[in-house]
1. Report the net charge of residues surrounding Gly42, where surrounding means a beta-carbon distance below 14 angstrom and charges are Lys +1, Arg +1, Asp -1, Glu -1.
2. How large is the charge dipole for the chain, taken about the Cα centre, if only the Cβ atoms of Lys, Arg (+1) and Asp, Glu (-1) carry charge, to the nearest 20 debye?
3. Just want the answer: with Cβ charges of +1 for Lys and Arg and -1 for Asp and Glu, which residue in Ala103, Ala70, Cys132 is farthest toward the dipole's positive end in the chain?
4. Describe numerically, in nm with one decimal, the distance between label points set 7 Å from Cα along Cα→Cβ at Asn106 and at Thr9.
5. Assuming R0 = 41 Å, what is the FRET efficiency of Thr69 and Ser119, from their Cβ-Cβ distance, to the nearest 0.05?
6. Round to a whole angstrom and tell me the spacing of the C-alpha centers of region 15-88 and region 97-136.
7. Here are a few candidate values for Cα Rg over 2.2 N^0.38 Å: (1) 1.38; (2) 1.62; (3) 1.67. Which one was actually calculated from the structure I just gave you?
8. So what's the angle, to the nearest 10 degrees on a 0 to 90 scale, between helix 122-154 and the longest Cα principal axis of the chain?
Amino acid sequence: MRFFDEMLTKYGFGDGEAVPDGAEHYREAYIRALNRIATVLGSGVRAFAYDRPSHNWCLLLFAPVAETTAFTEAELATGKLRSGNWLYLSEVGMDEPMQEAVAIANDAELDYSVSVVVSVNEAELDIALQYCHETAVARRDELNEEVEDAEAAVG
């Protein structure tokens, strides 16, 4: 779980400036695994996703089991709620069984279960390339004028 520690604090991912593409998908896989393992181990806490409005938006937090029972696995893992409200969850630390769940999940190499595809938006790239071309031509012309002016002054 290579991004796990970064998701535990609002200062993670360079204070939110370097959240990797697809971070929410990694977080979903982590939470689903952690909560399933934690249930088996008898943990008194459950992991949940929280999208913070500033700093590091991609948080993975923990709340008491009793406060999370109103939410589905998908809601806890994605933060997309159909019922309840995160404001009613108390943020708590990990208990020993949840810490053991983290160790087990680490060994499961969950990151390999996530596939993030990044692609080029051709229409946007065409606009950017046109700008680059026009700017380069204008700059070339400016430089040529400077050379011509310098040659004329010497000449």
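1. Values: positive: Arg36, Arg46; negative: Asp95, Glu96, Glu100.
Here the charged neighbours net out to -1.
2. Numbers: 11 positive and 29 negative charges, 275 e Å.
Roughly 1320 debye, rounded to the nearest 20.
3. Ala70
4. Here the modelled spin labels are 1.7 nm apart.
5. Values: r = 40 Å, r/R0 = 0.97.
Plugging the Cβ-Cβ distance into 1/(1 + (r/R0)^6) gives 0.55.
6. For region 15-88 versus region 97-136, the Cα centre distance is 20 Å.
7. The value matching this structure is (3).
8. 30
Coordinate-derived values only; no laboratory data. On a predicted model such as this, the values are computed, not experimentally measured, just so you know. FYI the Cβ positions are ideal-geometry reconstructions off the backbone, even for glycines, and counts take in every protein chain you see.
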